[in-house]
Amino acid sequence: MHAVVAREAGGPEVLQYTELPDPTPGPGQLLVRVAAAGVNFIDTYRRSGVYPMQYPHVVGVEGAGTVEALGDDVTGFAVGDRVAWHDAPGSYAELVAVDAAGAVPVPDGLDLTTAAALPLQGITAHYLVRSTFEVRQGHDILLHAGAGGVGLLATQLAVLHGGRVVTTVSTPEKAALSASAGAAHTIDYGAPDDLTAELPALVRELTDGRGVHVVYDGVGRSTFEASLASLRPRGMLVLFGGASGQVPPFDPQRLNKAGSLFLTRPTIAHHTLTRDELEWRTSEVFEAAASGDLKVHVGSTLSLADAGAAHEALEGRATTGKVLLVP
């Protein structure tokens, strides 16, 4: 099979499109022919060495495809089933071994390419809006990177549950895309000279001086201070990523002084602890996408051989929605 391998830690240039032996499914695994693989920031962290990894390794964790073979002790799946997954290392490949416990069925009304765009970002958007801070009617929300994959999905889910969403974006084109997902207001965070001072003032102007109930922040270092300052008393900052870098340590007493604020750093693993929870989240997201209630924006689809270009675009903030790789 063909696959994309990170031979050593480094930039996108360390990714190599190469031939490898076909994988064999182990006990409890499915062998899946990949229809499309999702490109995510976790892939860049593992490629670059931010997250410790063994090298060489096949990159990627997310995708969708068709089951070709079953390992021992697999129940509930059959050859020919269409499945998707969010955590199968080695997904930038034509074939991948996927733990059956982490594979979910793709409904008939959803094509595999769209399904590949949903597991990781869709589950993330779901747990943010439905669990970490449960959005309800009347909630005001600030969401950074509103035209990104998680941003577009979380905006739609928040609006579906009665929230009013303000997003930050970096270009007029991204503002238009975010608005099409349901954002009530978009703010160009490339414009304010002092993000920490200017963004909270704009947010409070849009919320009658009160601030928002919740900030969903996947950007991290460059937006953290502005996010804290945009909250109303007893508001919650949900820090779910660090696209601009990790937030440095800070004094928890600041949460007290700023209005008894809440700060949490959730991860997908702790929101898919059981099979029932995984199926609940993916079924709600997949069914909404299949019905058209949730629009999935695939910003670009590249070949596996162009994985380096996909990483470069993602890290350079040159993407919108989801980036996919196809064999």
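The values are calculated or read from the model by the stated rules, or taken from the named source; none is laboratory data. Note that the structure is a prediction, hence the values are computed from the model and not measured. Neighbour counts run over all protein chains shown; Cβ positions are idealised from the backbone, glycine included. Surface areas here come from the heavy atoms of the whole protein model, side chains and all, with no ligands, DNA or RNA. Shrake-Rupley method; radii C 1.70, N 1.55, O 1.52, S 1.80 Å.
Results for (1) in contact with a helix residue (DSSP H, G or I) (Cβ under 9 Å, 6 or more places away or on another chain); (2) open to solvent by 40 Å² or more (accessible area, probe 1.4 Å); (3) at pLDDT 95 or above, shown as yes or no for each residue.
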{"site": "Pro233", "(1), (2), (3)": "no, yes, yes"}
{"site": "Leu239", "(1), (2), (3)": "yes, no, yes"}
{"site": "Pro249", "(1), (2), (3)": "no, yes, no"}
{"site": "Arg265", "(1), (2), (3)": "no, yes, yes"}
{"site": "His270", "(1), (2), (3)": "yes, yes, yes"}
{"site": "Asp276", "(1), (2), (3)": "no, yes, yes"}
{"site": "Thr282", "(1), (2), (3)": "yes, no, yes"}
{"site": "Lys295", "(1), (2), (3)": "yes, yes, yes"}
{"site": "Asp306", "(1), (2), (3)": "no, yes, yes"}
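Does Gly299 satisfy being over 21 Å from Gly211 (Cβ atoms), surrounded by fewer than 13 Cβ atoms within 10 Å (Cβ to Cβ) and of a type in the set (Gly, Ala, Ser)?
Numbers: over 21 Å from Gly211 (Cβ atoms): yes; surrounded by fewer than 13 Cβ atoms within 10 Å (Cβ to Cβ): no; of a type in the set (Gly, Ala, Ser): yes.
So Gly299 does not fit the description; no.
Only residues in the stretch 309-327 that are under 21 Å from Leu153 (Cβ atoms) and open to solvent by less than 50 Å² (accessible area, probe 1.4 Å) count as the first member; pair them with residues that are of a type in the set (Val, Ile, Thr) and in a loop (DSSP other than H, G, I, E, B), Cβ under 6 angstrom, at least 6 apart or cross-chain, and list the lot.
Ala313/Thr319
Just to be sure I understand the filter: pairs with C-beta atoms under 8 Å, separated by 6 or more residues or on different chains, first member in the stretch 54-80 and under 20 Å from Leu304 (Cα atoms), second member at pLDDT below 95 and β-branched (Val, Ile, Thr). Which pairs pass?
Within 8 Å, the pairs are Val61/Ile42.
Quick check on the stretch 152-169. Is at least one of its residues touching a residue at least 40 places away in the same chain (Cβ under 8 Å), open to solvent by 20 Å² or more (accessible area, probe 1.4 Å) and part of a loop (DSSP other than H, G, I, E, B)?
No, the stretch 152-169 contains no residue that is touching a residue at least 40 places away in the same chain (Cβ under 8 Å), open to solvent by 20 Å² or more (accessible area, probe 1.4 Å) and part of a loop (DSSP other than H, G, I, E, B).
Give just the number: which of (1) surrounded by fewer than 18 Cβ atoms within 10 Å (Cβ to Cβ); (2) touching a residue at least 60 places away in the same chain (Cβ under 8 Å) does Arg254 not satisfy?
(2) is the only condition that Arg254 fails.
I'm trying to understand the selection: among the residues of the stretch 50-73, which are in a loop (DSSP other than H, G, I, E, B) and under 14 Å from Val323 (Cα atoms)?
Gly60, Val61
Only one of (1) in contact with a helix residue (DSSP H, G or I) (Cβ under 8 Å, 6 or more places away or on another chain); (2) surrounded by fewer than 24 Cβ atoms within 10 Å (Cβ to Cβ); (3) hydroxyl-bearing (Ser, Thr, Tyr) is not met by Ser178, so which one is it?
(2)
Mind checking whether some residue in the stretch 27-49 is assigned to a strand (DSSP E or B), over 20 Å from Ala116 (Cβ atoms), in contact with a strand residue (DSSP E or B) (Cβ under 6 Å, 6 or more places away or on another chain) and open to solvent by less than 40 Å² (accessible area, probe 1.4 Å)?
Within the stretch 27-49, not a single residue is assigned to a strand (DSSP E or B), over 20 Å from Ala116 (Cβ atoms), in contact with a strand residue (DSSP E or B) (Cβ under 6 Å, 6 or more places away or on another chain) and open to solvent by less than 40 Å² (accessible area, probe 1.4 Å).
Out of the stretch 308-321, which residues are modelled with pLDDT of 95 or more and charged (D, E, K, R)?
The answer is Glu312, and nothing else.
Kindly indicate which of Ala197, Ala175, Ala258, Ala179 is modelled with pLDDT of 95 or more, of a type in the set (Gly, Ala, Ser) and over 22 Å from Gly299 (Cβ atoms).
On inspection, the qualifying residue turns out to be Ala258.
Looking only at residues that are of a type in the set (D, E, K, R) and closer than 30 Å to Ile42 by Cα in the stretch 201-231, which one is most open to solvent (accessible area, probe 1.4 Å)?
The residue in question is Arg221.
Do any strands (runs of 3 or more DSSP E) entirely within the stretch 184-284 hold 1 or more residues that are under 25 Å from the mean Cα position of the chain (by Cα) and over 24 Å from Val159 (Cβ atoms), and if so, which?
So the answer is 262-264.
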